[in-house]
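A.B. asks: Below is the structure I would like to discuss, written out as structure tokens.
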Amino acid sequence: MRRFVFTVSVGAVLLFLVQPMAARALLPWFGGSAAVWTTCQLFFQLLLLGGYAWTHGLVGRFSPRRQVSLQLGLVALAALSLGLTAAWWGGPIIPGVGLRPPDSTFPVARLLLTLLLSVGLPYFALATTGPLLQAWASRARVSTGSVYRLYAVSNAGSLLGLLAYPFVLEPVATLRTQGWLWSLGFVAWAVGLTFAGRGLSGDRPPLREKSGPRGPVGSWLALSSGPVVLLLAVTSHLTQEVAPIPFLWVLPLVVYLLSFIVTFESERWYRRQYVLPLLAVLSLTVASLRAADQEPPLPLRIALYVLFLFVACVASHGELARTKPEEAKLTGFYAAMATGGALGGVFAGLVAPAFFRGFYELELGVVFLLAALAAQQASRVVARVAWPFTLVVGALLVVGVLARRVGVIESRRDFFGVVRIALSGDGDDETNLLMHGRTVHGAQQRFHRELPTTYYAKESGIGKLLSLSLSAPRKVGVIGLGIGTLAAYGRTGDVYRFYEISPAVLDYARSDSFTFLADSKATIELALGDARTTLEREPRQGFDVLVLDAFSSDSVPVHLLTQEAVALYLTHLAPGGVLAFHLSNRSLALVPVAARVGRELGLESAVILSQAKSNWALPARWLLLARSTDSFAGLELTDAHPPSDVPLWTDDFSSLWPAVRW
């Protein structure tokens, strides 16, 4: 039994260690969007399904000896792919820059292809570990209860791998080093798999399912897909609608894995008579709060959604565990679960973004999961209560959706999130807002359209910099368009060049709702795509000011704040030019990070903090970098020597943990 536990544990750790590692490596290539994580989840769900299907066919069709030889052949191919990627890219797992997309078109397809090339075959091989080793353990005459406990061991290993990456591996190792360490772990897993199969070298017939009912496959699909939809929906809701706090995506995945441990480790843990009533209370609480469009304080809000997700997953997975079949049907059971998980991932990762103009997965996920649990109840009395309750919760959620659409003029969704135009205020104070989740990306007053607002008001650091009296025309670059507020500072002869990755944001900035671009006296240039990739391919621009305004939202594009990135910006600066970083992030202290990069490159740094003094202005934090302090002449600086005692961010190493505002 020990050899099975070791191999299952190592395989599970590697499975969930590589997921954040791959997402971390690819985030910069796709604009740092939160959808990168959702798409990665979808990819790994699909490969997990493939691994479970492989195992189901292997165990059902071949003798133990043939199973071992075929599985080791698959492992050898996976090891070969690691060697090839190491030879091509200078290290395994982490893709080379040659795969970086040239623009922001077809991001989902390009992301999935990149993942397939970099980690596809090794992950597929690892995905077979859990069900295959359980099938082999049953052949080794391990009790059925202990065999299913291996599934709990697998999820415990997955949880360990998930938490080890941000807390242990990422803060101390570069991406290339991470790839090599993971590959060493893969070798250890392969050795363990070889020893696990040594006792199965006989020629006994394959383990075939007994005749009779094949099991409640429809129920297995529903009870496994519902939690995945909720997992991805709650993750997106927390990171986009509740609070733009990094690492918030970890919590939902942690409780999702914990629910498997609780329900599959022992039958004693899941008690339907307690879990289902608690789920009903939490569902009604969440639905009522969303119907009233009222949310509790932030910590309580996060705790509520995470607790709701945990109880919902325990209920679904507990019902799954109650219906798990005998060992002869074990691989089919896991294949059905993986299919359900993949279906949930496809819905949340592909279908919803393609067909919904807003974010509705949370509401649909809640109703679907409650309906799946209601259909599972054999008691007529319970079912008579469960179905009307599901309808009540669904009605409250619909009321909430309609309430949140009040004041929304238009909404659009793409890979980079849901962007909407909302009307705020009345009379002389009527203002159009551009919102991404709960983050304001721009505001323009309807009757004072010429006035810059929010973080770019006259009293802000960038407002003061762009208001300096200069006789010569100025060329200004802006990374992060928003609604083009900075174009309000444009003078005749000036050139303002904006870089924006989201097509939806670009369209809204040029719509009738916002006129900063159309009204500007400067010449306006627009570039669609990732700013760093675009700047790498452009000739030198000679910017007098280059503004970086991409660090205040939910997903921080780390690749725009590394030493290599700032060195690139310097090549596009004119003599005496200034880099202006907008770092008004509520969750991260990024001033020391940018100041450290500037110090490494021999630049002078200064901070300008501003309070809201004019209408629709917001407090703002701006960091300025320049080759000489002469570039700051005429500016009232808050701090001429900002702290920079943090680790240096590079393309190969960065960690957000030291920057979190705890």
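The values are calculated or read from the model by the stated rules, or taken from the named source; none is laboratory data. Everything numeric in this text was worked out from a predicted model, so none of it was measured. All Cβ positions, glycine included, derive from the backbone under ideal geometry; neighbour counts span all protein chains shown.
A.B. asks: Could you tell me whether residue 584 is in contact with a Leu (Cβ under 8 Å, 6 or more places away or on another chain), closer than 30 Å to residue 237 by Cα and of a type in the set (S, T, N, Q)?
C.D. replies: So residue 584 passes the test.
A.B. asks: Shifting gears a bit: In segment 423-430, is there at least one residue being closer than 24 Å to residue 30 by Cβ and either touching a residue at least 60 places away in the same chain (Cβ under 8 Å) or assigned by TED's automatic domain parsing to the domain that holds residue 550 (or both)?
C.D. replies: No, segment 423-430 has no match at all.
A.B. asks: Still on this structure: Just for helices (runs of 4 or more DSSP H) wholly inside segment 249-357: which have at least 1 residues that are over 25 Å from the mean Cα position of the chain (by Cα) and among the β-branched types (Val, Ile, Thr)?
C.D. replies: Result: 250-265, 272-291, 330-346.
A.B. asks: Being crowded, with 16+ Cβ neighbours inside 10 Å and small (Gly, Ala, Ser) is the filter here; which residues of segment 43-84 pass it?
C.D. replies: The answer is 50, 51, 53, 60, 63, 78, 79, 81.
A.B. asks: Oh, and also: Go over the candidates 48, 58 one by one and state the one that is in contact with a Pro (Cβ under 9 Å, 6 or more places away or on another chain), assigned to a helix (DSSP H, G or I) and assigned by TED's automatic domain parsing to the domain that holds residue 198.
C.D. replies: Working: 48 fails: in contact with a Pro (Cβ under 9 Å, 6 or more places away or on another chain).
Within the list 48, 58, the selection yields 58.
A.B. asks: Kindly indicate the residue of segment 585-643 that is among the charged types (D, E, K, R) and in a loop (DSSP other than H, G, I, E, B) and also farthest from residue 452 (Cα to Cα) among those meeting that condition.
C.D. replies: Step one: filter segment 585-643 for residues among the charged types (D, E, K, R), giving 586, 596, 599-600, 604, 613, 621, 627, 630, 636, 639.
With in a loop (DSSP other than H, G, I, E, B) added as a condition, the list becomes 586, 613, 627, 636.
On the way: 586: 22, 613: 12, 627: 28, 636: 20 Å.
Looking at residues that are among the charged types (D, E, K, R) and in a loop (DSSP other than H, G, I, E, B), I get 627.
A.B. asks: Against the definition (under 29 Å from residue 130 (Cβ atoms) and among the hydrophobic types (A, V, I, L, M, F, W, C)), how does residue 330 come out, yes or no?
C.D. replies: It is true that residue 330 is under 29 Å from residue 130 (Cβ atoms) and among the hydrophobic types (A, V, I, L, M, F, W, C).
A.B. asks: So residue 327 passes all but one of these: (1) farther than 30 Å from residue 435 by Cα; (2) at pLDDT 95 or above. Which condition number does it fail?
C.D. replies: Of everything listed in (1) farther than 30 Å from residue 435 by Cα; (2) at pLDDT 95 or above, residue 327 misses just condition (2).
A.B. asks: Has segment 105-120 got any residue that is among the aromatic types (Phe, Trp, Tyr), over 23 Å from residue 155 (Cβ atoms) and not in a helix (DSSP H, G or I)?
C.D. replies: Scanning segment 105-120, I find at least one residue that is among the aromatic types (Phe, Trp, Tyr), over 23 Å from residue 155 (Cβ atoms) and not in a helix (DSSP H, G or I), so the answer is yes.
A.B. asks: In segment 402-417, how many residues are in a strand (DSSP E or B) and out of contact with any helix residue (DSSP H, G or I) (no Cβ under 7 Å at 6 or more places or on another chain)?
C.D. replies: 4
Per-residue answers, yes or no, for (1) out of contact with any Leu (no Cβ under 8 Å at 6 or more places or on another chain); (2) modelled with pLDDT under 90:
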residue: 247; (1), (2): no, yes
residue: 259; (1), (2): yes, no
residue: 268; (1), (2): yes, yes
residue: 282; (1), (2): no, no
residue: 297; (1), (2): yes, yes
residue: 309; (1), (2): no, no
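A.B. asks: So which residues in segment 477-505 are crowded, with 24+ Cβ neighbours inside 10 Å, more than 19 Å from residue 584 (Cβ to Cβ) and more than 28 Å from the chain's Cα centre (by Cα)?
C.D. replies: 477, 487, 496
A.B. asks: With the structure loaded, tell me whether residue 542 is of a type outside the set (A, V, I, L, M) and at pLDDT 95 or above or whether it fails that test.
C.D. replies: yes
A.B. asks: Can you confirm whether residue 515 is crowded, with 18+ Cβ neighbours inside 10 Å, touching a Gly at 6+ places or on another chain (Cβ under 7 Å), at pLDDT 95 or above and β-branched (Val, Ile, Thr)?
C.D. replies: no
A.B. asks: Shifting gears a bit: Mind checking which residues of segment 257-275 are more than 17 Å from residue 323 (Cβ to Cβ) and β-branched (Val, Ile, Thr)?
C.D. replies: The one that is more than 17 Å from residue 323 (Cβ to Cβ) and β-branched (Val, Ile, Thr): 261.
A.B. asks: Step by step: first the residues of segment 578-631, then only those that are under 27 Å from the mean Cα position of the chain (by Cα) and among the β-branched types (Val, Ile, Thr), then the one that is surrounded by the most Cβ atoms within 10 Å (Cβ to Cβ). Which residue is that?
C.D. replies: Here the answer is 593.
A.B. asks: Taking interchain pairs and intrachain pairs at least six residues apart, which have beta carbon atoms under 8 angstrom, with the first residue in segment 179-193 and assigned by TED's automatic domain parsing to the domain that holds residue 83 and over 14 Å from residue 18 (Cβ atoms) and the second part of a helix (DSSP H, G or I) and aromatic (Phe, Trp, Tyr)?
C.D. replies: Once the first residue is assigned by TED's automatic domain parsing to the domain that holds residue 83 and over 14 Å from residue 18 (Cβ atoms) and sits in segment 179-193, its partners that are part of a helix (DSSP H, G or I) and aromatic (Phe, Trp, Tyr) give 192/6.
A.B. asks: Hey, could you check segment 644-660 for residues that are of a type in the set (A, V, I, L, M) and assigned to a loop (DSSP other than H, G, I, E, B) and say which is surrounded by the fewest Cβ atoms within 10 Å (Cβ to Cβ)?
C.D. replies: Checked segment 644-660; the qualifying residue surrounded by the fewest Cβ atoms within 10 Å (Cβ to Cβ) is 648.
A.B. asks: From (1) buried (at least 16 other Cβ atoms within 10 Å of the Cβ); (2) assigned by TED's automatic domain parsing to the domain that holds residue 351; (3) under 28 Å from residue 349 (Cα atoms), pick out the condition that doesn't hold for residue 392.
C.D. replies: Result: residue 392 passes all but (1).
A.B. asks: Go through segment 558-571 and give me each residue that's buried (at least 20 other Cβ atoms within 10 Å of the Cβ), of a type outside the set (Val, Ile, Thr) and either over 14 Å from residue 659 (Cβ atoms) or not assigned by TED's automatic domain parsing to the domain that holds residue 644 (or both).
C.D. replies: 559, 560, 565, 569
A.B. asks: Can you pull out every residue in segment 559-580 that is in contact with a Phe, Trp or Tyr (Cβ under 7 Å, 6 or more places away or on another chain) and either in a helix (DSSP H, G or I) or within 19 Å of residue 610 (Cβ to Cβ) (or both)?
C.D. replies: Residues satisfying the conditions are 563, 579, 580.
A.B. asks: Considering only segment 181-189, I want to know if a residue exists there that is modelled with pLDDT of 90 or more, surrounded by fewer than 21 Cβ atoms within 10 Å (Cβ to Cβ) and under 30 Å from residue 588 (Cβ atoms).
C.D. replies: Within segment 181-189 (the criterion being modelled with pLDDT of 90 or more, surrounded by fewer than 21 Cβ atoms within 10 Å (Cβ to Cβ) and under 30 Å from residue 588 (Cβ atoms)), the answer is yes, since at least one residue qualifies.
A.B. asks: Exactly one condition in (1) modelled with pLDDT under 80; (2) crowded, with 21+ Cβ neighbours inside 10 Å is not met by residue 225; state its number.
C.D. replies: Only one criterion in (1) modelled with pLDDT under 80; (2) crowded, with 21+ Cβ neighbours inside 10 Å is unmet by residue 225, namely (1).
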